[in-house]
Amino acid sequence: MPTEVKMPQLGESVHEGTIGRWLKSPGEAIAKYEPLVEVITDKVNVEMPSPVAGVLQKILIEEGQTVAAGTAIALIEEAAASKTAAASPPVAEAGRSSPGALPAAARPASPDGERAAAPTRAPAAGRARDQAGRLSPLVRRLVEEHHIAPEELEAIERSGTGGRITKDDVLRYLETRDRAVPPAAASGVGQDVRVRVPAPAGVPSPPAATRGPSPAPPAAAAAPPGAPAPPRAPGDQLHPLSALRRTIAERMARSKREIPHAYGVVEVDLTTLVRHREAHKAAWQAREGVNVSITAFVVRAASRALRAFPVVNSTFAPEGIVYKQAIHIGVGVAVPDGLIVPVIKDADQRSVVGLAREIEAVVGRARQGKLTLDDVSGGTFTLTNPGVFGSIFSMPIINYPQAAILSADAIVARPAVVGEGIAIRDIMHLGLAFDHRIFDGAVAMQFLNHIKQQLAEFAPVGDSPEF
């Protein structure tokens, strides 16, 4: 009897997941704990391993669909000789476990004109991955979005460690390839014309799908129900949403739709903190082995403020307000095509150095596409840092279903009144977007001023970063 593979519980407050990409096709052998499917949750792709060894018999949930935790998403046949099955060629297994299945080369074209064996699932793609080293989620997204075939993968020059293909390798290849592709017709659909399906007269041709029929985007993510698509002029280009971009669209739209946002902003004089850090950061780096950033100080101050104002570390529910006991602070990290939010667990129990070390670790994993489910789940409060890109005043959107999000803008040297005189000071704006259902402006400003006081009155112990 086939074993059901179910969507896992993705976190304390996350009860659904989106199928991003199947890593195996029906009929292919799979070993226990071998990656089976990519699940999209909290703006990141996570590989879900197979719970058993055997042959993938049937995919129950297609790519792009969102289902609740506990929903069966696939069936795996645990044959008596599963070890032998796992070692057999995928096409031979397809013949045994699924009599109606065809070899990849013989499968019919899907309705969108592309072979049912998409590049990322065909045996040739597997060979390309083996030769190039395992593709990171970011590189896989680029490959899928730009319809890079397996034989093209083998031709890409690789600069990564151990012969891996990097994002820059793919972008260089695409720049060369696109110069050889004739411009698209005046329909404005885009410049990738390698795969097209004739459309009815007067209707612009859609872009080629990357893996069979793609589900329609949820109405709430792009436009109100029934709203027509905006018109495109000649020369306009349509870039289909990636899985990451679609997830961001859905969650941000839901946050603004369901949460009545309100905002508060304070100015913080960071002069003492900035000067102390500049004087000692090299010594801290040598002693602690980590760059102690301003972000670590802000997270430390925010964690203390969350303890002082626990309602900010809460979630709205129909029956009341749920106060969170743990303080898990998510830190927004910009990656190509979007933003992901790895979580610093028990942030209030860590020192500034401990926070700096953990922030550096999760940011590194985020940019390398190596985050785990644990890295992105359980957040109770979020810090976004647009200041690294030069923002001096921002109004962020709350990371649903949390109660608030803190933004740290750029530190700017400017004149300020100090006592009876004017001096050049290092000033930063701290902004808070909060759920007005849960608390009001008075609490929001007290919370911000608690953080402001800690940072402005920074009093180090000797040459330590602690305060």
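The values are calculated or read from the model by the stated rules, or taken from the named source; none is laboratory data. Computed from a predicted structure; not experimentally measured. No Cβ is skipped: glycine too gets one built from the backbone with ideal geometry, and neighbour counts run over all protein chains shown. All accessible areas refer to the heavy atoms of the entire protein, side chains included, with ligands and DNA or RNA removed. Shrake-Rupley method; radii C 1.70, N 1.55, O 1.52, S 1.80 Å.
Taking residues in region 447-459 that are β-branched (Val, Ile, Thr), and partners anywhere that are buried (at least 20 other Cβ atoms within 10 Å of the Cβ) and in a helix (DSSP H, G or I), the pairs with Cβ atoms closer than 9 Å and at least 6 places apart or on different chains are Ile451/Val298; Ile451/Ala301; Ile451/Ala302; Ile451/Ala305. Filtering Val362, Val353 for residues that are modelled with pLDDT of 85 or more and under 22 Å from Met48 (Cα atoms) leaves a single hit, Val362. Here's a check for you: in region 251-268, which residue that is crowded, with 19+ Cβ neighbours inside 10 Å and not hydrophobic (A, V, I, L, M, F, W, C) is farthest from Met395 (Cα to Cα)? Only one residue fits best here, namely Ser255. Could you look through region 389-412, keep only residues that are of a type in the set (A, V, I, L, M) and not in a loop (DSSP other than H, G, I, E, B), and pick out the one that is surrounded by the fewest Cβ atoms within 10 Å (Cβ to Cβ)? Once the filter is applied, the top-ranked residue is Val412. For region 419-428, filtering for residues that are out of contact with any helix residue (DSSP H, G or I) (no Cβ under 6 Å at 6 or more places or on another chain), open to solvent by 10 Å² or more (accessible area, probe 1.4 Å) and assigned to a strand (DSSP E or B) leaves 5. Taking the numbered list (1) within 28 Å of Ala286 (Cα to Cα); (2) surrounded by fewer than 13 Cβ atoms within 10 Å (Cβ to Cβ) in turn, Pro415 passes all entries but (1).
If the condition is being under 30 Å from Val331 (Cα atoms) and open to solvent by 50 Å² or more (accessible area, probe 1.4 Å), then region 35-67 contributes Glu47, Pro49, Gln65, Thr66.
How about region 341-379: which of its residues are touching a residue at least 40 places away in the same chain (Cβ under 8 Å), open to solvent by less than 30 Å² (accessible area, probe 1.4 Å) and under 24 Å from Asp463 (Cα atoms)? Across region 341-379, the qualifying residues are Ala347, Val352, Val353, Leu355, Ala356, Ile359.
Out of the residues in region 269-288 that are out of contact with any helix residue (DSSP H, G or I) (no Cβ under 8 Å at 6 or more places or on another chain) and closer than 15 Å to Val353 by Cβ, state the one that is least open to solvent (accessible area, probe 1.4 Å). Ranking the candidates gives His276 first.
Just to be sure before I move on: is Ala416 in a strand (DSSP E or B) and modelled with pLDDT under 95 in the structure I sent? Lay out the reasoning, then the answer.
Numbers: in a strand (DSSP E or B): yes; modelled with pLDDT under 95: yes.
Yes: the conditions hold for Ala416.
The residues of region 290-308 that are free of Cβ contacts under 8 Å to residues at least 60 places away in the same chain and either among the small types (Gly, Ala, Ser) or open to solvent by less than 30 Å² (accessible area, probe 1.4 Å) (or both) amount to a single one, Ser303.
Just wondering, is there one or more residues in region 107-114 that are at pLDDT 55 or above and buried (at least 16 other Cβ atoms within 10 Å of the Cβ)? Looking through region 107-114, none of the residues is at pLDDT 55 or above and buried (at least 16 other Cβ atoms within 10 Å of the Cβ).
For region 374-407, name all the residues that are among the polar types (S, T, N, Q) and under 24 Å from Gln9 (Cα atoms).
Within region 374-407, the first condition is being among the polar types (S, T, N, Q), and the residues that meet it are 377, 380, 382, 384-385, 391, 394, 399, 402, 407.
Result: Ser377, Thr380, Thr382, Asn399, Gln402.
Applying the condition of being more than 11 Å from the chain's Cα centre (by Cα) and not in a helix (DSSP H, G or I) to region 338-369 and asking which residue is farthest from Pro8 (Cα to Cα) yields Ser351.
So that you can scan it fast, the table gives a plain yes or no per residue for (1) part of a loop (DSSP other than H, G, I, E, B); (2) more than 23 Å from the chain's Cα centre (by Cα); (3) modelled with pLDDT of 90 or more:
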position: Arg177; (1), (2), (3): no, yes, no
position: Ala199; (1), (2), (3): yes, yes, no
position: Ser214; (1), (2), (3): yes, no, no
position: Thr272; (1), (2), (3): no, yes, yes
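Can you tell me which of Thr315, Thr382 is open to solvent by 20 Å² or more (accessible area, probe 1.4 Å), closer than 24 Å to Val46 by Cβ, touching a strand residue (DSSP E or B) at 6+ places or on another chain (Cβ under 7 Å) and not in a loop (DSSP other than H, G, I, E, B)?
Working: Thr382 fails: open to solvent by 20 Å² or more (accessible area, probe 1.4 Å).
None of the others qualify; the one that does is Thr315.
Of all residues being of a type in the set (D, E, K, R) and open to solvent by less than 40 Å² (accessible area, probe 1.4 Å) in region 1-31, which is modelled with the lowest pLDDT? Just the residue, please. By that ranking, first place goes to Arg21. Residues in region 394-439 that are under 18 Å from Phe381 (Cα atoms) and without any contact (Cβ under 8 Å) to a residue 40 or more places away in the chain: 5 in all.
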